[in-house]
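Here's the structure we're looking at; comments come further down.
The values are calculated or read from the model by the stated rules, or taken from the named source; none is laboratory data. Keep in mind that this is a model prediction, so the values were computed, not measured. All Cβ positions, even for glycine, are placed from backbone atoms using ideal geometry, and neighbour counts span all protein chains on display. Areas reflect the complete protein model, heavy atoms only, side chains present, ligands, DNA and RNA absent. Shrake-Rupley method; radii C 1.70, N 1.55, O 1.52, S 1.80 Å.
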Amino acid sequence: MKGVDHLPAVSLAELNDRAELLSRTDRKYVVAAAELDAVVTCVPGLRVLEVDGRRSSRYESTYLDTVDLDSWTGAATRRRHRWKVRSRVYADTGERWLEVKTRGLRGTIVKERVRHDGPDVSRHADAWVRDRLGAARVHDVDPSGLVATLHTSYRRTTLLLPGGAGRATIDRDLRWVSGHGTAEVGDVLVVETKAGTPRPGPLDRRLWELGHRPVRISKYGTGLALLTPDLPGNRWHRVTSRHLAGHLTIREGALA
């Protein structure tokens with residue numbers, strides 16, 4: 001990622017001040033790793049998040065769902081009041097957050113989070129999860145009954161877009177683990193733009209110039225679909241069969 005290495009840096013404090021964007025419009029793209037330089041070197045004003053000299057960070061997330069996979073099904077069938085609950089670890093620092101993602105007005109994504117300690121999410125957080133889901137009009141989920149269904153890991157680079165256009169993330173080395181096995185994807189990046197308005201930003205326009213269009217990809221939805229063959233057909237079939245299939249390694253078996 002030589003193009004990213006040559007971008008000027010931005011601190012975490014400044015990035016959050018300018019573009020924290022917990023309520024936002026997202027667009028996601030699947031891009032070959034070899035194309036990244038052509039993307040970022042032609043967008044003037046990009047800056048890259050740098051923390052303690054690092055320009056990328058390892059993320060690990062554990063998704064929590066009902067035993068009937070109501071969260072996954074809601075996303076797969078595009079229910080209006082869909083939701084996700086996950087525990088996220090910033091592996092380089094050990095920082096841990098419990099996050100709830102829901103849908104706001106006009107389809108915007110609303111992410112709320114609270115710090116937590118230790119490898120397991122404390123049941124004291126049940127009340128907070130229930131409250132945040134209830135605020136999004138999700139009333140039929142019992143947080144105490146949620147179970148871990150999928151673990152994801154990847155390395156992320158974060159960009160601050162120019163002109164107040166928001167931020168973007170570049171994820172690589174994606175890996176999914178479930179009770180059915182593991183899946184990994186190489187030489188492919190997931191680029192996500194995050195803006196406070198529905199208008200496309202400069203990075204979107206550059207990606208469009210190179211022939212890329214937004215795709216439907218969800219780390220949780222896609223990963224669970226890849227590793228659970230008996231799930232019904234879903235909205236991520238196109239991205240798994242067209243964009244990821246040639247780059248996937250799947251190993252079956254519990255904790256393969």
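For region 55-110, enumerate the residues that are among the aromatic types (Phe, Trp, Tyr) and either in contact with a Leu (Cβ under 6 Å, 6 or more places away or on another chain) or free of Cβ contacts under 8 Å to residues at least 60 places away in the same chain (or both). Spell out the reasoning first.
So in region 55-110, the residues among the aromatic types (Phe, Trp, Tyr) come out as 59, 63, 72, 83, 90, 97.
Matches in region 55-110: Tyr63, Trp72, Trp83, Tyr90, Trp97.
Can you name every residue in region 65-81 that is closer than 24 Å to Arg175 by Cα and either open to solvent by less than 20 Å² (accessible area, probe 1.4 Å) or in contact with a helix residue (DSSP H, G or I) (Cβ under 8 Å, 6 or more places away or on another chain) (or both)?
Asp65, Thr66, Val67, Leu69, Ser71, Trp72, Gly74, Ala75, Ala76
Scan region 224-245 and tell me whether some residue there is of a type in the set (S, T, N, Q) and open to solvent by less than 10 Å² (accessible area, probe 1.4 Å). Spell out how you get there, then give the answer.
The initial filter retains those residues of region 224-245 that are of a type in the set (S, T, N, Q), namely 228, 234, 240-241.
Those left that are additionally open to solvent by less than 10 Å² (accessible area, probe 1.4 Å): none.
Checked against the condition, which is being of a type in the set (S, T, N, Q) and open to solvent by less than 10 Å² (accessible area, probe 1.4 Å), region 224-245 yields no hits at all.
Is region 207-218 home to any residue that is of a type outside the set (Ser, Thr, Tyr), over 25 Å from Tyr63 (Cβ atoms), assigned to a helix (DSSP H, G or I) and within 19 Å of the chain's Cα centre (by Cα)? Working first, answer last.
Within region 207-218, the first condition is being of a type outside the set (Ser, Thr, Tyr), and the residues that meet it are 207-217.
Now drop any that are not over 25 Å from Tyr63 (Cβ atoms), which leaves 207-213.
If we keep only those that are assigned to a helix (DSSP H, G or I) too, we end up with 207-209.
Next cut, within 19 Å of the chain's Cα centre (by Cα) only: 207.
Yes, region 207-218 has at least one match.
How many residues does region 53-63 contain that are part of a strand (DSSP E or B), open to solvent by 30 Å² or more (accessible area, probe 1.4 Å) and in contact with a helix residue (DSSP H, G or I) (Cβ under 8 Å, 6 or more places away or on another chain)?
Matching residues across region 53-63 total 0.
For residues that are open to solvent by 30 Å² or more (accessible area, probe 1.4 Å) and closer than 21 Å to Leu7 by Cα, scanning just region 146-191, find the one that is modelled with the lowest pLDDT.
So, considering only residues that are open to solvent by 30 Å² or more (accessible area, probe 1.4 Å) and closer than 21 Å to Leu7 by Cα, the one modelled with the lowest pLDDT is Gly164.
Table: residues versus (1) in contact with a Phe, Trp or Tyr (Cβ under 7 Å, 6 or more places away or on another chain); (2) under 26 Å from Gly74 (Cβ atoms).
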{"site": "Asp173", "(1), (2)": "yes, no"}
{"site": "Val177", "(1), (2)": "no, yes"}
{"site": "Glu192", "(1), (2)": "no, yes"}
{"site": "Arg199", "(1), (2)": "no, no"}
{"site": "Val215", "(1), (2)": "yes, yes"}
{"site": "Trp236", "(1), (2)": "no, yes"}
{"site": "Gly253", "(1), (2)": "no, no"}
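Which residues, taken from region 220-256, are in a loop (DSSP other than H, G, I, E, B), among the small types (Gly, Ala, Ser) and more than 19 Å from Leu64 (Cα to Cα)?
Gly233, Gly253, Ala256
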